[in-house]
1. Can you tell me how many residues within the range B:36-62 are within 13 Å of chain A (Cβ to nearest Cβ) and over 18 Å from A:L161 (Cβ atoms)?
2. Tell me, which residue of the range B:142-153 that is open to solvent by 10 Å² or more (accessible area, probe 1.4 Å) and at the interface with chain A (Cβ under 7 Å from one of its Cβ atoms) is farthest from A:A200 (Cα to Cα)?
3. Among what's in the range B:167-204 and is part of a helix (DSSP H, G or I) and of a type in the set (D, E), pick the residue that is farthest from the other protein chains (Cβ to nearest Cβ).
4. Collect the residues in the range A:188-206 that are open to solvent by 40 Å² or more (accessible area, probe 1.4 Å), farther than 21 Å from B:R20 by Cα and either in contact with a Phe, Trp or Tyr (Cβ under 6 Å, 6 or more places away or on another chain) or modelled with pLDDT under 90 (or both), keeping them in residue-number order.
5. Condition first: crowded, with 24+ Cβ neighbours inside 10 Å and among the hydroxyl-bearing types (S, T, Y). Can you find one or more residues in the range B:154-171 that meet it?
6. Tell me which residues, restricted to the range A:102-136, are facing chain B (nearest Cβ under 7 Å) and modelled with pLDDT under 90.
7. Keeping to the range A:91-113, report how many residues are more than 25 Å from the chain's Cα centre (by Cα) and surrounded by 21 or more Cβ atoms within 10 Å (Cβ to Cβ).
Number of protein chains: 2
Amino acid sequence: MSGTDHSKQHEWSEDGPESRLVSILVEPQMGENIGAAARAMWNFGLRHLRIVNPRDGWPNPAAVAMASGAGGLLDEARIFPTTGEAVADLHTVFATTARPREMAKTVMTPEHAMTRARELIGQGERVGILYGRERTGLENDDVVRANAIVTVPVNPAFASLNLAQCVLLMSYEWRRQGNGTEPEVEVTGRAAPAEHGAVARMLDHLEGELDQAGFFFPDHKKASMVANLRNLFHRAPLTDQDVRTLWGVIRTLAEGPKRRR
Amino acid sequence: MSGTDHSKQHEWSEDGPESRLVSILVEPQMGENIGAAARAMWNFGLRHLRIVNPRDGWPNPAAVAMASGAGGLLDEARIFPTTGEAVADLHTVFATTARPREMAKTVMTPEHAMTRARELIGQGERVGILYGRERTGLENDDVVRANAIVTVPVNPAFASLNLAQCVLLMSYEWRRQGNGTEPEVEVTGRAAPAEHGAVARMLDHLEGELDQAGFFFPDHKKASMVANLRNLFHRAPLTDQDVRTLWGVIRTLAEGPKRRR
């Protein structure tokens, strides 16, 4: 799903709300994971990265190698010796963690946390998200500094998100709520929807009839003509009735010349 | 962010809406990516995996090694020679792709597509999501079979989602909209939430101690100082344990000077 458009400018503004959201990796171990986290952030337009006490020091060549197009975030990353120092200038801090904690703390979904972050940032706050160590996550000492816990609503029987995946989901949530992409609305009929196999059989038949009738001319255009035709019939959701109607249309058209003879 | 609870049963029901949502990997190349996609699905409670013409054949030991706890999805995965056969029994198919296509097709956000999927599944449909090859994505021949395109709203200047990340985000969207997790929950650990009366008695005591120590100065500001203080301790929900702790804090601070005497 790679689709970087190199003609597009990086959409980053030091005045935009995203400039007030900081991602903080607490004692990450592998450089690769730091690089992957930077990529996950930049995929969704987040840029401010802070790192608390990275195990292998800083800068980290493995992080740079993994970050590739998001390397700018590593150049600009700020390194802190402790979580306390990393969050000192922030107004609200969220701690991502999957484990329930033996402490009184609000637990939010990523969705709700990012709604809250947008509200607070709109009021002029700087907001941070804490991400824990790869193996052990955040320690209680980190979590107590947060204003709320964020837990991704994973399958309770299988919760295996890694660091970069957690950063990806939070960053996605941030962007999803603010990017203003409008979905296109579709209209559904009352008839039963057709199965894809039924549509495919109808299209195979149509293609055969058209081929016999010399429709695909010149030859080298046939592939694209077929693709356009198939695309046309898959654009709208077809009903069983539509498919029956189309069979009738094809049959009638195909038989036409015989009658005229 | 690993937090699998091994006491929890896999929350899977052949009657649930998730049983009618199928993830289809089209000609995946690396077994590792198939395994990672299975993990991403199962993290969010999706189980039905179909694979079109996997490059390295099937079964694939690298996929099994990567899938770990999600290996059950690979055991149950259905293999098809073509995309057409893989979607034949489905009613609606979404194609994930980052690239704009030279064809008339509805483009949806993941959010909108999964809203739509829930509606269609609620009406009894079977819905599929197509995911493309690691390097080249979906071909036009795959995309024409889909009823709509889904594009993740990534940073246009940096779109580097890999296969498993794309599966992760779509699966997250599916679950986000349907899992019914409360957006915000006050977790108080093991301690019971404090009654308001207990908080009030503690605050009365604090106020008395502070008054004795000459804290409320000048006199005419006392009322607003007390209100601010009370407000501060009511902002967050306190537990019984918190109140006991605060009693101890007040007592210790109040007794401090006496000891020094």
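The values are calculated or read from the model by the stated rules, or taken from the named source; none is laboratory data. Here the structure is a predicted model, which is why all the values come from computation and not from measurement. Every residue, glycine as well, gets a Cβ built from its backbone with ideal geometry; the counts of neighbours run over all protein chains shown. Note: accessible area is taken over every heavy atom of the protein model, side chains too, but ligands, DNA and RNA are not part of it. Shrake-Rupley method; radii C 1.70, N 1.55, O 1.52, S 1.80 Å.
1. Total meeting the criteria: 1.
2. Applying the filter and picking the extreme gives B:P153.
3. Applying the filter and picking the extreme gives B:D204.
4. A:H205
5. yes
6. Answer for the range A:102-136, where residues must be facing chain B (nearest Cβ under 7 Å) and modelled with pLDDT under 90: A:E102, A:M103, A:A104, A:K105, A:T106.
7. 1
Yes or no, residue by residue, for (1) within 19 Å of B:E186 (Cα to Cα); (2) touching a strand residue (DSSP E or B) at 6+ places or on another chain (Cβ under 9 Å); (3) part of a helix (DSSP H, G or I):
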residue	(1), (2), (3)
B:L206	no, no, yes
B:E209	no, no, yes
B:G214	no, no, no
B:V226	no, no, yes
B:R230	no, no, yes
B:F233	yes, no, yes
B:V243	yes, no, yes
B:W247	no, no, yes
B:L253	no, no, yes
